[in-house]
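Chemist: This is the structure, below, for whatever I ask next.
The values are calculated or read from the model by the stated rules, or taken from the named source; none is laboratory data. This one's a predicted model, so the numbers in the text were calculated from it and none came from an experiment. Ideal geometry is used to build each Cβ from the backbone, glycine not excepted, and the neighbour counts take in all protein chains shown. Heavy atoms of the whole protein, side chains included, go into the accessibility calculation; ligands, DNA and RNA do not. Shrake-Rupley method; radii C 1.70, N 1.55, O 1.52, S 1.80 Å.
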Amino acid sequence: MKKTAKATWIWYPGDFEVWLGNIFNNRRTERGAMLPPFWKQDSHYPTVEFSKSFTLDSEETITIAAEGRYNLALDGKLYAVGDTFTIPAGEHRITLKVWNQATPPAIFIQGDTLCSDSTWLATYEDKLWIDENGVAHGSGIYVPAASWNFNAIDTPPSSYHLEREELQPVRSETITTNGSLYDFGQETFGYLKVKNLQGTVHVYYGESREEALDKDHCETLDILTSSLSPQTSSIKHHPSDIASKAFRFVYIEKEDGATYDDVSMDYEFAPHDMTHSGSFHCSDQLLNDIWQVSAYTMDLTTREFFMDGIKRDRWTWSGDAIQSYLMNYYLRFDTECVKRTIRQLRGKNPVTAHVNTIMDYTFYWFKSVLDYYEYTGDVDFVREMWPRMETLMDYVLGRTNSDGMAEGQPDDWIFVDWVDFPMHKRGILCFEQILFCKALETMAICAKLLGINKSDYRIKAEELRNKVRQTFWSYEQKAYYHALEDGVLNKQITKFPNMFAIIYGYAYEEQRKEIMKSVMLNPDIDPITTPYMRFYELEALCMAGLQEQVLPEIRDYWGGMLKEGATSFWEKYVPSETGTQHLAMYGRPYGKSLCHAWGASPIYLIGKYYLGVRPTKPGYAEYEIRPSLGDLEWMQGTVPMPHGLIHVYMDRHRVKVSASEGDGWLFVGDRKVHIHPDEEIIISY
């Protein structure tokens, strides 16, 4: 009996992510009005050609499925085909050209030996022709076709959707004769279901009770009518369904004569392998709660892509995403979502603007590719992204000033962070140069990894690094100054460039100590109030060995949100605010997202700097464990690797570790112990 090869759906690389990203990024609504992103949105290539050269020992009949209209050519000759096609024995080249304006052109070929998979090639070029001998001519550029896990003929890429589970509200409350408030107990995300609705109801969603009851100012709402509402019949499992909402509370007000039986929701989520996930538990219950809420926040914001805030923006942002990737490496190790998000954020050529229009977000995008490689060892993804890295860097270099520094142009958004103190973002910001330098170093590292001779990236990085030190470093203040504006040095000192100089290794040892004293631990320096930049602030402190000092910071900041009733972590938290002040942002009473990806940073901090795990060679081929209790009595946890887990236990008397793969080293005090796979190491002290 012949062994049938395994087929999978294939498409042009990046097209699935661009198509799905357009659907994803256009689901945002504000009070019923759709709100698309304000940056350029690319489209998939409508016509793609797939090809493969092969040899058959005997005649073979293949089954064909395609997303779109297609033609088939065998050895340069076109054939009219249906669902099957018979190929004679011998050497052949087969090509299928697929057109689909609505969804990415894709094919599924199943034969005994010939099947669609990553060995096929794809091109979107139309400047290519095949002669009578099956030889390709012209300027068509073929690349390996993309695939994922669409391995059945009846599950094409366009059928992709997340999973759903019905949930009931934990309580309800009658507010008026016609209005009821439903509480689902915690922040959640999905599709409201009003069962057996007759007539019309008005639905007001809220991350807080106050928001749901404020009909005039709540961020999201619906009007449901029995004859029109999809919620009253079946829930569509299709990415074009835009009825999903983020909420904890729902206030439903009936028009005269309207009735319904009850209310529930379909909770929508990305499935995870819980046996290959991070965990943490320790002697401090508050810290346990913080870790659990951080994990829930990450799970809520891990969807088709890594999302920022599930209520308001619902977009992919590169600055948010790079933190999500890092947290993910210590929680679920969902590498597919990382790759999808990186591809979607980059989009297609030509490059006409920064990623999300934000200069710093472009620089983060470069580093995210290198981070991915360091945690996974997946060089093929770096190779796939390299052409897009080059063209994006060409864009960046084309906008530098005469000194080779990145300077904001009128069409750029210079973000850095939301700040509560005066801070100019004009001119040449030291913070941006440090990120730019890291992007250039990333290019140099990736070029070397791929065997590409691009020494100019390394040279440019070294030159820029020296210019940053010469231009912005103050020997008197022991800190990096903020900016150069119209040739005049802006001597404001903020934590942003200084902590990134530490994190990216741009401060030598003595300089790091000076920065820690003069900036990071200086109460006169303006504080950071967003979880976004607290991620980096606390990382810099942990790198300085201040884990015992950082734990109270985590308890006060994230624990402060829990005391305010948070069930997921927020976009911003200012401890001095009270009551409904915590809900406001952007001049709107409920503009703040109460579930925001960058709020989950304790996952990363705990995994890397308390459990102490990090790869020292790509993909955990080698790794180190430097556990730190801080002020805890004991802790235990797991950190996921590409194909296994690292287990860490530590108390005041011993450390116990084991790992299922890789070659590791455990550092405890002045002791260094080798860790072999599936071997438990115990050190007492």
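Chemist: Residue by residue through the stretch 317-325, what is 3J(HN,Hα) from phi via Karplus (6.51 cos²θ - 1.76 cosθ + 1.60, θ = phi - 60°)? Round to whole Hz and write x for glycine and proline.
Modeler: Residue by residue, the stretch 317-325 yields 10, 5, x, 5, 5, 4, 6, 4, 4 Hz.
Chemist: Short version: what are the Cα gyration tensor semi-axes of the stretch 1-52, square root of 5 times each eigenvalue, largest first, in whole Å? Write down the numbers at each step before the final one.
Modeler: Numbers: eigenvalues 258, 42, 8 Å².
Three semi-axes, in Å: 36, 14, 6.
Chemist: Taking a probe of 1.4 angstrom, what is the accessible area of Val170 in Å², to the nearest 10?
Modeler: My reading of the accessible area for Val170 is about 90 Å².
Chemist: Can you sort Arg343, Arg31, Arg426 by 1.4 Å-probe accessible area, starting with the largest?
Modeler: Result, largest first: Arg426, Arg31, Arg343.
Chemist: How much accessible area per residue does the stretch 489-566 have, in Å², with a 1.4 Å probe?
Modeler: On the way: 2990 Å² over 78 residues.
In whole numbers, the stretch 489-566 has 38 Å² accessible per residue.
Chemist: Tell me, what is the per residue accessible area of the stretch 1-99 in Å², probe radius 1.4 Å?
Modeler: Spelled out: the 1.4 Å probe surface of the stretch 1-99, per residue, equals 49 Å².
Chemist: On a straight-distance basis, which lysines could pair with Lys339 in a cross-link, Cα separation under 18 angstrom, same-chain partners fewer than 8 positions away excluded?
Modeler: Answer for Lys339, where 18 Å is the Cα cut-off: Lys348, Lys367, listed by chain and number.
Chemist: Take the Cα coordinates of the chain, assign each an equal point scatterer, and use the Debye formula without solvent to give log10 I(q)/I(0) at q = 0.07 Å⁻¹.
Modeler: Relative scattering, expressed as log10 I(q)/I(0), comes to -0.54.
Chemist: Here's something else I'd like to know. Using per-residue counts of other Cβ atoms within 10 Å, averaged over each peptide, order 505-517, 285-297, 398-410 from highest down.
Modeler: Numbers: 505-517: 16.2, 285-297: 19.5, 398-410: 13.8.
Order by mean packing, descending: 285-297, 505-517, 398-410.
Chemist: At 10 °C and a viscosity of 1.306 mPa s, what translational diffusion coefficient does Stokes-Einstein give for the stretch 238-369, taking Rh as the Kirkwood radius over Cα pairs? Give it in µm²/s as a whole number.
Modeler: This corresponds to a translational diffusion coefficient of 91 µm²/s.
Chemist: Let me ask something else about it. Given the options Leu435, Ile310, Pro602, identify the residue whose Cα lies farthest towards the positive end of the charge dipole of the chain (+1 on Cβ of Lys, Arg; -1 on Cβ of Asp, Glu).
Modeler: The one lying farthest along the dipole's positive direction is Leu435.
Chemist: Could you point to the residue in Trp558, Gln581, Gly630 farthest towards the positive end of the stretch 525-635's charge dipole, with +1 and -1 charges on the Cβ of Lys/Arg and Asp/Glu respectively?
Modeler: Positive-most Cα among the choices belongs to Gln581.
Chemist: Which of rounded, prolate or oblate describes the stretch 432-584 when judged by the alpha-carbon gyration tensor and an a/c cut-off of 1.5?
Modeler: Since a/c reaches 1.5 and a/b is larger than b/c, the shape of the stretch 432-584 is classed as prolate.
Chemist: Charges only on Cβ, +1 for Lys and Arg, -1 for Asp and Glu: so what's the dipole of the chain about the Cα centre, in debye to the nearest 20?
Modeler: Working: 68 positive and 96 negative charges, 169 e Å.
Magnitude of the dipole: close to 820 debye.
Chemist: Taking a ≥ b ≥ c as the square roots of the Cα gyration tensor eigenvalues, with a/c under 1.5 meaning rounded and otherwise prolate when a/b beats b/c, else oblate, which class fits the stretch 361-419? If you can, show how the numbers build up before the last one.
Modeler: Values: a/c = 2.94, a/b = 1.64, b/c = 1.79.
Cα axes put the stretch 361-419 in the oblate bin.
Chemist: Just the Kirkwood number for the stretch 339-475, please: inverse of mean 1/r across all distinct Cα pairs, in Å, one decimal.
Modeler: After inverting the pairwise mean of 1/r, the radius is 15.6 Å.
Chemist: Okay, moving on. Average the reciprocal distances over every distinct pair of alpha-carbons in the stretch 542-665, invert the result, and give the Kirkwood radius in Å.
Modeler: Every distinct Cα pair counted, the radius reaches 16.4 Å.
Chemist: Turning to a different aspect of this structure: Debye sum, Cα scatterers, the stretch 1-109, no solvent: what log₁₀ I/I(0) at q = 0.10, 0.13, 0.21 1/Å?
Modeler: The Debye formula, applied to the Cα set alone, gives -0.41, -0.60, -1.13.
Chemist: Using DSSP, restrict attention to beta bridges with both residues in the chain and report what percent are antiparallel, rounded to the nearest 5.
Modeler: Among the beta bridges of the chain, antiparallel pairing accounts for roughly 95 percent.
Chemist: While we're here: Using a 1.4 angstrom probe on heavy atoms only, work out the carbon and sulfur share of the accessible area of the chain in %.
Modeler: The nonpolar share, carbon plus sulfur, comes to 49 percent.
Chemist: Can you sort Lys617, Lys454 by solvent-accessible area, 1.4 Å probe, largest first?
Modeler: The ordering from most to least exposed comes out as Lys617, Lys454.
Chemist: Moving on. Give the cross-link partners of Lys517 among the lysines, using a straight C-alpha distance below 21 Å as the criterion and excluding same-chain residues fewer than 8 apart.
Modeler: Correct list for Lys517: Lys478, Lys491, Lys495.
Chemist: Here's something else I'd like to know. Please report the orientation-averaged projected area of the stretch 623-685, defined via the convex hull of its C-alpha atoms, in nm².
Modeler: 3.9 nm²
Chemist: Oh, and also: Sort 371-384, 7-20 by packing, meaning the average of other beta carbons within 10 Å per residue, with the highest value first.
Modeler: Ranked by mean Cβ neighbours within 10 Å, highest first: 7-20, 371-384.
Chemist: Separate question: Consider just the alpha-carbon atoms of the stretch 413-476 and return their Rg together with their Dmax, both in angstrom.
Modeler: 14.8, 46
Chemist: Another question about this same structure. Nearest 20 debye, what's the magnitude of the dipole of the stretch 571-685 about its Cα centre given +1 on Lys and Arg Cβ and -1 on Asp and Glu Cβ?
Modeler: Values: 12 positive and 13 negative charges, 84 e Å.
Around 400 debye, computed over the stretch 571-685.
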